[in-house]
Structure formats: structure tokens, C-alpha cells
1. When you go through (1) at pLDDT 95 or above; (2) open to solvent by 20 Å² or more (accessible area, probe 1.4 Å); (3) on the phi < 0 side of the Ramachandran plot one by one for Leu194, which number turns out not to apply?
2. How many of the residues making up the range 2-36 are within 22 Å of Glu74 (Cβ to Cβ), of a type in the set (A, V, I, L, M) and not in a strand (DSSP E or B)?
3. I'm trying to understand the selection: among the residues of the range 37-56, which are in a helix (DSSP H, G or I) and not β-branched (Val, Ile, Thr)?
4. Given the residues Arg301, Arg332, Arg345, Arg373, which is the only one that is more than 22 Å from the chain's Cα centre (by Cα), part of a helix (DSSP H, G or I) and basic (Lys, Arg)?
5. Those residues that are over 15 Å from Thr127 (Cα atoms), surrounded by fewer than 15 Cβ atoms within 10 Å (Cβ to Cβ) and among the hydrophobic types (A, V, I, L, M, F, W, C), I need them from the range 333-376; list them, please.
6. State yes or no: is Val94 within 19 Å of Gly11 (Cβ to Cβ) and either in contact with a Phe, Trp or Tyr (Cβ under 7 Å, 6 or more places away or on another chain) or in a helix (DSSP H, G or I) (or both)?
7. Go through the range 73-89 and give me each residue that's in a loop (DSSP other than H, G, I, E, B) and either modelled with pLDDT of 95 or more or open to solvent by less than 30 Å² (accessible area, probe 1.4 Å) (or both).
8. Tell me, which residue of the range 163-189 that is over 17 Å from Ile237 (Cβ atoms) and open to solvent by less than 40 Å² (accessible area, probe 1.4 Å) is modelled with the lowest pLDDT?
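The values are calculated or read from the model by the stated rules, or taken from the named source; none is laboratory data. Quick caveat, the model's predicted, so the values are computed rather than measured. Here the Cβ positions follow ideal geometry from the backbone for every residue, glycine too, while neighbour counts run over all protein chains shown. Accessible surface is based on the protein model in full, side chains and every heavy atom, while ligands, DNA and RNA are left aside. Shrake-Rupley method; radii C 1.70, N 1.55, O 1.52, S 1.80 Å.
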Amino acid sequence: MKRIAVLGSTGSIGTQTLEVVRHHPEHFKIEAMAAGRNAALVLEQVHEFRPRKVSVQDKEVADRIRHQLPAGVELFYGAEGLIEVAANHEADMVITAVVGSVGLQSTLAAIEARKTIGLANKETLVTAGHLVTARAKENGVMLMPIDSEHSAIFQCLNGEAAEAIRSITLTGSGGSFRDKKREELEHVTIEQALKHPNWSMGAKITIDSATMANKGLEIIEAHWLFDMPYERINVLIHPESIIHSFVEYQDGSIIAQMGVPDMRVPIQYALTYPQRIHNQAPSLNLAQVAKLHFREMDYDRYPMVRYACECGIAGGTATTVFNAANEVAVARFLQGAIGFLDIERIVYQMISKHDVIPVPSLEEIQEADGLARAEAAAIL
């Protein structure tokens, strides 16, 4: 029986993690969970899974659910509550599925508590990859990737020597607007951007997929997860999302991980590693798929990928600012305050003027993050 804490239990990855647990009650027990402001859903989850601890986004939500919790469930809220649920319990593994850089402090707390990390929060490594990986190494903590691309790379690397690797390639669907030219993007709507052709994801990551900022974030994340130089990390557009990523070795062999586009597969693999057990996701029928398509990444069509690579190579607080500006810009787009192409314009303006701190402390990262958010929010 593996005991699990889920940070972001009401989000897309969180709910699918609970679905895997629901399907395998003989293997998993939910020890703690943290959610946002969806009071009705978190109450439903608590009554079903009976965690010892639960945290919500703020005191208002906590007060709404306090008297509806089962006996024996401890309630917390805010940043302190997120850290409590991340670290102070008997869970073996913490699934970090919160969206954005808010996941950094709680992930660090879980690492210090020597919990295995199921990492579904790209921004943690993008914002502070050098700190997170160093502390994980110091504490003997394993970072298990949950993103489909990084899970694929992790699986393709199993049992292979690092010096045998020539390159890794992350595949991407191209997002909601993969068949549109840039001049067609000026007036696209929020509703259009949220219609991902392959995956069911939360709003923020779906918009990131449409701009392909998510692929840029994944490149930075792959750099830290696999200790891979940026020049050996490639991106390939693959509209079907069947090959989730692949590794090329020095002898020319390529090992790819394939499957239907269903996040329950990489989530379950992270939970059961190194074992594999039955999954409720459908099997891949290649005869039915019939054809797979690929095309080179166009960095002019998708400049956010280029910006992310440039920030990754610059290192330090450059990636922090890229992520912070993107989070603010995406939030403003979802509010209807800016247009779709304004997202990349805001990000470019912020990273262009930033003076990079090469090896920042946690405090310097937090300062750069806060300043970038304030300045990005002020751009009209």
C-alpha cells in the first residue's frame, strides 16, 4: 500500500490521479490533499478518500467547508497549508499538480521531508531547477516525471548509460492553432484557444499548448530532469500525440514511448514505478491510427519556444522571469483583457529587459518572480 499526498487535487492532473487511486484501492491510499477554491469538489473528494489532512486556497474556502468535513480530518489553508500537506504527514509520495510557481515552496518542503516527488508542475524546475535538483540529490529524493513527454523520456532511458545518449526529442501536438498561420492568430478567441485537439487539460496548460510555451517549459524541465545540455534537446511537431517523446543513442538506435493520449498512463507509471499494473486507459491500435505525421519545429511560428530556449541557455533568473511573465499574460488572456498574440509580446518585453542573476538564491528567485509579475501586469 503506497500512501500519497496530492497537491492540486481538484485540477486536471489531481482528479486523474484520484481516478487512478480509485481504480486501484488495493495499491494506494490518499494521506493528504491540497486544493484551490472548488469547495464542492474538494468536499466530495475528502468524503470519498478520507485523507488525514486537507488544505484549501484561503480562509474563506476553509470556513465554508470546515463543518462539513468528516471527523478526524485536519484542515489548513493558504501557503502554509500547502506546505503542511506537502511535508508533514506519513505519505510516501507527493504528487505536485498545482499550476504555476506556487508549487515551488511546497515541492522543496516535500523534498526536505524526503518524500518521493511525482512532478506534474513544470514551473518548479523552470523557476528554480538548480535548487530543486540539488536538494533532491542531497536528500536522496527521486523526482518522478508525470508530464507525458518527460515520463516517455524517463521510460526510454531506463537501464541505459548516460554517455550512450546522443539526444532526446520532445514531441508536441502543436496545440489548438497548429493549422493556422500567424496572421490568423490576431483575433482568435479564448474558446477557440481552449479547444485542444488531443488532450483534456486545465485552462492554463491548454493556452500554453496553443502558444507552445508549454514545450518551451518542457525543454527547460528536461534539461534539469535528465541533466541534458540544451543543444541535445530537440522538439518535433507530432499532431497525433501517439509518440510521446523519444531518445536517440550514439549507435543510431531510437527508442520511443508510444500510447494513446491519456494522462492516466504517465500518472500511474509514476505511482507504481518500477512496477507496471493494469490501467483503465484504452490500448493503442496502430492499424486503426494508420498514419503518424511529423514536422520540424518552426521557431518563427512559435516564438515562445525560442524565448524559452534562450532563457534556459542564459540560466539563472532568466527562466524565472519567462515563467512569471507567461503566467501573468495567460491569466490576462483568459480574463479577456488582452489578445492571444499579446501573450508572447508581454513575455518578450519582460525577458528582453531582465538583468539575469546567474546562480540565484531562493530569495532572489522569489524577488525576480514577484517583480516580473508586477511589471508584466502593468503592460497594457
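1. All conditions are met except number (1).
2. 3
3. Scanning the range 37-56 gives Ala39, Ala40, Leu41, Leu43, Glu44, Gln45, His47, Glu48, Phe49.
4. Only one candidate qualifies: Arg345.
5. Hits for the range 333-376 are Ala337, Ala374.
6. no
7. Val73, His89
8. Val188
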